[in-house]
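> If you scroll down you'll find the structure; I have some questions about it.
The values are calculated or read from the model by the stated rules, or taken from the named source; none is laboratory data. The structure presented is a predicted model; accordingly, all values stated were derived computationally and were not measured. Note that we place each Cβ from the backbone using ideal geometry, even for glycine, and neighbour counts take in every protein chain shown.
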Amino acid sequence: MTEDVTFPLEITFRDIGPSPAVEARVRKEAAKLQRFHQRIVSCRVVVAAPDRHKHKGKLYFVRIQIAVPNGNLWINRRSPYNHAHEDVYVAIRDAFDAATRRLEEKVSKKMNKEIKRHEAPPHGVVSRLFRERGYGFIRTPDEREIYFNDLSVVNDGFKRLGVGSEVRYVLAPDDGPEGPQASTVKPIGKHHLVD
């Protein structure tokens, strides 16, 4: 089952005929971007095979423009020396891998700015835990509840958490269906923070 793209996606073919299989791969890779940045406004993808090299076959070129609330990200994946890009699917994969890294950097920079505003790292106590369903809630010192799931707990620590466990967390840039959510949760253990 593939994810659906929830933002406008424009796919253009240049110097290559349209291909439903290539378009399906681009849609699949674009849907994955939503995991790294949930507020993508739109995405434009150009798949091109502009020239043939004398000693190589046709090399594919993939350019991606991603619009997010605070600007655009441009990803141009063209390497005249990369034989792997004779395969259009490899060129698409590499371009979307680069797009994922750029989105992660953008989210990381935003979170770093938010963290710098706090005197102490965000922390709290596990208030509710639904181990069999793989999620729980953190109660913060200001009495808010932050949702987290088993995948957000570092070092496979979800199994070791219990109600009352002290944790540090990184707040995700966007709320989820349960409200504020943690993208990363780290058990504090013996090192306690002072409010």
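> What pairs come up if the first residue lies in the range 182-195 and is more than 25 Å from Gly134 (Cα to Cα) and of a type in the set (Lys, Arg), the second is buried (at least 16 other Cβ atoms within 10 Å of the Cβ) and modelled with pLDDT under 85, and their beta carbons are under 9 Å apart, counting only those six or more places apart or on different chains?
No pair meets every condition.
> Follow-up question, since we're still on this one. Yes or no: Val107 of a type in the set (Val, Ile, Thr), closer than 21 Å to Pro173 by Cβ, at pLDDT below 90 and touching a Pro at 6+ places or on another chain (Cβ under 6 Å)?
yes
> Being among the hydrophobic types (A, V, I, L, M, F, W, C), out of contact with any strand residue (DSSP E or B) (no Cβ under 7 Å at 6 or more places or on another chain), under 14 Å from Val125 (Cα atoms) and modelled with pLDDT under 90, is that true of even one residue in the range 166-189?
For the range 166-189, residues among the hydrophobic types (A, V, I, L, M, F, W, C), out of contact with any strand residue (DSSP E or B) (no Cβ under 7 Å at 6 or more places or on another chain), under 14 Å from Val125 (Cα atoms) and modelled with pLDDT under 90: absent.
> Could you tell me which numbered condition Glu23 fails, if it satisfies all but one of (1) modelled with pLDDT of 90 or more; (2) in a loop (DSSP other than H, G, I, E, B)?
(2)
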